[in-house]
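Asker: Supplied in C-alpha cells, the structure appears directly below.
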Amino acid sequence: MKRNPRLPISLYLLCVWMLLGNCYFNPAVQLVVNPEVKEEGSAVSAGLLAALGATPSPYFSLVSSIPADGEDITPPLTTYSFTFSEEIEINVSDPTTWINENIILTETINFFPVVNFANRKFELSADPALDNLLTYTIAFGAGIKAKTGKTLSPNTKVTFTCSGCMPL
C-alpha cells in the first residue's frame, strides 16, 4: 500500500496556518510575542484637536445670522439674529452703548436700545426702514467675547441687501 505524500504536508500547513492565525488574533499571545503593543485612547476622549496635535483657536466664530451673509432680504427685517460657536459673555449694563461699541455699520440701520441674549445667540430689534439701493454690512467689535475668554474672529461681518425695501 502506498500512502499519499501530500496529505501530511497539507495537514502540516493547515496546523501551522491555524497556529499562526490563532497567535495573531489572541491578545494573550500578542502580549508575549509583541510586548510593545499598547492600546491607544480614543480621539473622542482626548479631544479631536489634541488627537490631531493642533492647538485650539484663540477665537470663536459667527455660525449663522439672520440675515445670512450675502442674502437679499425681502421684506426688511425688524429683528437681526446672530448665533456664535460658543456661549457669549453677557455684560450689558447699557444696551445703547454696547450696540454703539460692538455693532459697526457701513450704512445706517436704526437699532432699538434692546439686546436679547440667549446662550450662543443675541438679537437686535431694528426699525425696518432700509434703502433698496444699498449694500449693508454689519461688523462686530472687540467687546463681543465668549464666556471662555476667546475673542470673536477678526473681520467677522455680515453683508446683505434689501431689494424689497422702499427707497428712502
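Readers should treat all values here as calculations from the given coordinates under stated rules, not as data from a laboratory. As the structure is a prediction and not an experimental result, all values here were calculated from the model. Methodologically, a virtual Cβ is constructed for each residue, glycine included, from the backbone with ideal geometry; neighbour enumeration extends over all protein chains shown.
Asker: If residue 132 satisfies every condition in (1) surrounded by 12 or more Cβ atoms within 10 Å (Cβ to Cβ); (2) out of contact with any Gly (no Cβ under 9 Å at 6 or more places or on another chain); (3) over 19 Å from residue 64 (Cβ atoms) but one, which is the exception?
Answerer: (2)
Asker: Would you list the strands (runs of 3 or more DSSP E) that sit entirely within the range 57-168 and hold 3 or more residues that are among the β-branched types (Val, Ile, Thr)?
Answerer: Numbers: elements: 62-66, 79-84, 103-105, 111-118, 121-126, 135-140, 157-161.
Counting at least 3 such residues, we get 135-140, 157-161.
Asker: Among the residues of the range 134-168, write down those that are aliphatic (A, V, I, L, M) and touching a strand residue (DSSP E or B) at 6+ places or on another chain (Cβ under 9 Å). Steps first, answer last, please.
Answerer: Narrowing the range 134-168 to residues aliphatic (A, V, I, L, M): 134, 138-139, 142, 144, 146, 152, 158, 166, 168.
134, 138, 139, 142, 144, 146, 152, 158 - these are the residues of the range 134-168 that are aliphatic (A, V, I, L, M) and touching a strand residue (DSSP E or B) at 6+ places or on another chain (Cβ under 9 Å).
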